[in-house]
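Data first, discussion second: the structure below is written as C-alpha cells.
FYI, it's all coordinate maths here, none of it is from the lab. Predicted model, so just to flag it, every value in this text is computed and none were measured. Every residue, glycine as well, gets a Cβ built from its backbone with ideal geometry; the counts of neighbours run over all protein chains shown.
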Amino acid sequence: MMDFGFKISPSSTINLDKVDLEKFTRLHEIEPDVYKCMACGSCSSTCPAGRFSGMSLRKVILDLQRGKEKEAVAMMKNCMLCGKCTMVCPRGINTRHLILSIYRIYAEDEK
Amino acid sequence: MIYQGKQKIWADYQKEIPDNRWFYVRSCIRQNFFPGAERMFLEICRNVLGKDFFETEYHTTCGGIAYHCDTIPQETVMTIIARQFALMTEAGYENYVASCITSFGNYAETLETWREFPEVETRIRELLWKACRREFKTPKYLAHASDLIYKYRNEIAARAKFRLINRFTGEPLRVVEHIGCHYSKMFPSKGVGGAEYPYVLCGMIEAWGGNVIDYPERRHCCGYGFRQYHVKANRGYSVSNTYKKFESMEPYHPDFIITNCPGCPYFMDRWQYVIAETEGKTYGENGYGIPVLTYEEVASLVLGYNPWDIGLQLHQVAVEPLLDKLGIEYDPDAKYKGLNKKDLLRPELPGILKCC
C-alpha cells in the first residue's frame with residue numbers, strides 16, 4: 001500500500017441495526033432505572049475519577065446502547081464505587097448498583 | 001393560478017433564467033483539471049444552440065479560494081467582484097454567468113450583502129474607483145453555467161445523438177448527481193430546486209434518458225472543502241469524506257457521477273485512486289472506478305462529440321466502460337493525442353485501480 005502522508009480516518013458511524021442489544025436487555029431487566037437516565041451528565045461532573053481517568057457513567061450508558069461494549073467496560077474499570085454519582089442523580093438512579101450490574105453482565109467474559 | 005402548500009414552497013425555488021446574452025466568467029481551477037469542460041460549454045451554447053455568450057481575457061479570479069482559506073477579507077473579494085461586474089457593464093451585458101460554483105456562491109453572497117447593507121456597496125464602488133477608475137451596474141440576473149445547460153436541456157435532448165441508456169441491457173443508466181456545496185446550500189433561493197432537492201442536474205439526467213439514484217450521503221460534501229485539502233495535515237479528513245460518500249453510493253451500483261462544481265469531479269475522481277492505493281478498494285465494475293464527469297462533458301457526449309476532443313483522457317478513472325455502455329465509438333490509440341495530434345504522453349498506470 002502506498003503512503004501519501006495522510007490516510008482515511010476510521011469511520012465513527014454506528015449502524016444501530018447491527019448492534020446486538022441482548023446484554024442491554026438483560027441489564028434493563030435487572031436495572032429498569034437504566035432507561036430513566038436522561039444523560040444530564042451530573043454523574044460525570046461529580047465523578048472524582050473522571051478527571052483523571054476519563055470515567056463517565058453517562059458515556060458508559062450511551063456506549064452500551066450503541067454496542068460499544070469494550071470501551072464501556074474499559075471505562076468502568078476506573079470506578080472506585082465512591083457513590084457520589086448516586087447522591088447527585090436528579091432521577092434518583094442507584095448508580096452504584098447500576099455500575100455493579102453492568103460489570104456483572106458485560107465483564108462476565110473476563111472472569 | 002393559486003399555489004398551495006408544497007406547490008407554493010416549490011415555486012420559491014424556481015429560478016428565472018434569461019435565454020440569451022450572457023457574460024461568461026471562467027473558473028480558476030477547472031481549466032487545469034478538466035480543460036474540455038468550459039470549452040465545450042461555450043461550443044454548445046454558441047455554436048450548437050446559437051446563443052450570445054461573451055467572455056473577456058481581462059477577467060480575473062473572484063478571490064474565492066483565498067476568501068474561503070481565510071487569507072483575504074470580504075471587502076477585497078467584493079472589490080474584485082465589482083471589477084468583474086464593471087467588465088460586464090463595459091461589454092454591454094446584464095446577465096452574468098459563472099462557470100465555478102465557488103464564484104457563484106461568492107457573487108450571490110456579495111449581491112446579498114449589498115442588498116442588506118447598501119452602504120457597503122457604496123464603499124466598494126469608491127474602492128473600485130480609487131483602484132482602477134471603473135464603475136459598474138449589478139447584474140440583472142446571476143446564474144451558474146449548469147443553470148443554463150439545465151435551461152437548454154430539452155434543446156440538447158432534441159439534438160442528442162446518444163441517450164443515457166445502457167445499450168447492453170436497454171435500461172437507463174444509473175446516475176449519481178452531485179451538487180457543489182456553494183450552489184444552493186448557502187442561498188437556497190439562488191439554485192434551481194433549493195438546497196435540499198436541487199433539481200439542476202436531475203433535470204439534465206432525466207431529459208437525456210438516465211435514471212437518478214438516491215443514496216444516504218447524497219448531499220454530503222465531496223471532501224474538497226478548501227481548508228480540508230489545502231492544508232496537508234487535513235487531507236486525511238478530505239479523503240475520509242470522499243470515502244464515506246463512495247461507501248454510501250456503492251450498493252446502488254452507479255454507472256457514473258455527474259457534478260457541477262470544479263472541485264467535486266476532481267476530488268471524487270482522484271481520490272478513487274488514493275482510496276484504491278490505501279484501502280485496496282475500487283467502486284466500479286471489474287476493478288475500474290466510477291467515472292466522474294462534469295455536466296458539460298455529459299452534454300458533449302450526448303451531442304456526439306469525440307470523447308478525446310472533450311478531454312475525457314484527463315480523468316483518472318477510465319471512462320471507456322461508460323463509453324461502451326453508451327455505445328459511443330472511440331479510438332483507444334487516439335486517447336493520448338492532443339487536438340493537433342500532439343503526443344500527450346501516456347501516464348503511468350496505477351497499481352490497483354484498473355485503467356485502460
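Compactness of the protein assembly as shown, taken as the C-alpha radius of gyration over 2.2 N^0.38 Å, stands at 1.21. The charge dipole of region A:20-110, taken about its Cα centre with unit charges on the Cβ of Lys, Arg, Asp and Glu (plus for the first two, minus for the last two), comes to roughly 460 debye. Between A:Ser45 and B:Ser189, the modelled labels are 4.2 nm apart [label points 7 Å from Cα along Cα→Cβ]. Comparing A:Met38, A:Met75, A:Met55 in a Gaussian network model of chain A, where Cα atoms under 10 Å apart are tied by springs, the biggest mean-square fluctuation is seen for A:Met38.
The Cα center of region A:51-77 and the Cα center of region B:309-353 differ in position by 53 Å.
Just to verify a number: FRET efficiency for B:Arg159 and B:Tyr58, C-beta to C-beta distance, R0 = 41 Å, to 0.05? Numbers along the way, then the final one.
Numbers: r = 33 Å, r/R0 = 0.80.
The calculated FRET efficiency here is 0.80.
Extents of region A:20-110, largest first, come to 30, 25, 19 Å (Cα atoms, principal axes, whole angstrom).
With a cut-off of 8 Å between alpha carbons and a minimum separation of six or more residues, what is the relative contact order of chain A in percent? Spell out each step's value before the answer.
Numbers: 100 pairs, mean separation 31.2, N = 111.
28 percent.
Once you mark the GluC sites (Glu not before Pro) that are in a DSSP loop and have at most 11 other Cβ atoms within 10 Å, what is the longest gap between them in chain B? Between exposed loop sites, the widest span is B:58-195. Each of A:Leu57, A:Val88, A:Thr25 was placed along the dipole of region A:20-110 (beta-carbon charges, centred on the mean Cα), and the one lying farthest toward the positive end is A:Val88. Going by a ≥ b ≥ c, the root eigenvalues of the Cα gyration tensor, does chain B fall in the rounded group (a/c under 1.5), the prolate group (a/b larger than b/c) or the oblate group? Prolate shape, in that a/c is at least 1.5 and a/b is the bigger ratio. For a paramagnetic label modelled on B:Val231 (point 7 Å from Cα along Cα→Cβ), amide N atoms under 19 Å away belong, within region A:1-20, to A:5-10.
Kindly work out what percent of the DSSP beta bridges joining two residues of chain B are antiparallel, to the nearest 5. Don't jump to the answer; show the numbers that get you there.
Numbers: 2 of 20 bridges.
Rounded to the nearest five, the antiparallel share is 10 percent.
As a proxy for reagent exposure, B:Tyr107, B:Tyr141 were ordered by neighbouring Cβ count within 10 angstrom, fewest first; the result is B:Tyr141, B:Tyr107.
Once you have a ≥ b ≥ c as the square roots of the Cα gyration tensor eigenvalues for region A:1-58, tell me rounded if a/c is under 1.5, and otherwise prolate or oblate according to whether a/b is larger than b/c. Walk me through the intermediate numbers first.
Numbers: a/c = 3.43, a/b = 1.50, b/c = 2.29.
The shape class here is oblate.
Put in order of Cβ neighbour count within 10 Å, fewest first, the listed residues B:Thr259, B:Thr89 become B:Thr89, B:Thr259.
In chain B, helices alone account for a calculated mean residue ellipticity at 222 nm of -12500 deg cm²/dmol, with every DSSP H run of four or more residues adding -39,500 (n - 2.57). Pairs of Cα atoms nearer than 8 Å and 6+ residues apart set the relative contact order; for chain B it is 18 percent. The residues A:Ser11, B:Ser248, B:Ser103, when put in order of fewest to most other Cβ atoms within 10 Å, stand as A:Ser11, B:Ser248, B:Ser103.
With each label modelled as a point 7 angstrom along the Cα→C-beta vector, the B:Glu112-B:Gln14 pair spans 2.3 nm.
Compared with the dominant principal axis of the Cα atoms in chain B, helix B:74-91 is inclined by about 90°.
Using the structure shown, select from B:Lys245/B:Lys325; A:Lys70/B:Lys245; B:Lys161/B:Lys342; A:Lys7/B:Lys244; A:Lys7/B:Lys232; A:Lys59/B:Lys245 the pairs with a Cα to Cα distance greater than 18 angstrom.
Working: B:Lys245/B:Lys325 24 Å; A:Lys70/B:Lys245 28 Å; B:Lys161/B:Lys342 28 Å; A:Lys7/B:Lys244 13 Å; A:Lys7/B:Lys232 11 Å; A:Lys59/B:Lys245 28 Å.
Beyond 18 Å: B:Lys245/B:Lys325; A:Lys70/B:Lys245; B:Lys161/B:Lys342; A:Lys59/B:Lys245.
Computed from Cα atoms, the angle from the helix B:101-116 axis to the main principal axis of chain B rounds to 20 degrees.
Grab the beta carbon distance between B:Asn306 and A:Asp17, set R0 = 35 Å, and tell me the FRET efficiency rounded to 0.05. Could you put the intermediate results ahead of the total?
Numbers: r = 48 Å, r/R0 = 1.36.
Efficiency, rounded to the nearest 0.05: 0.15.
When its C-alpha radius of gyration is set against 2.2 N^0.38 Å (N residues), region B:272-311 gives a value of 1.49.
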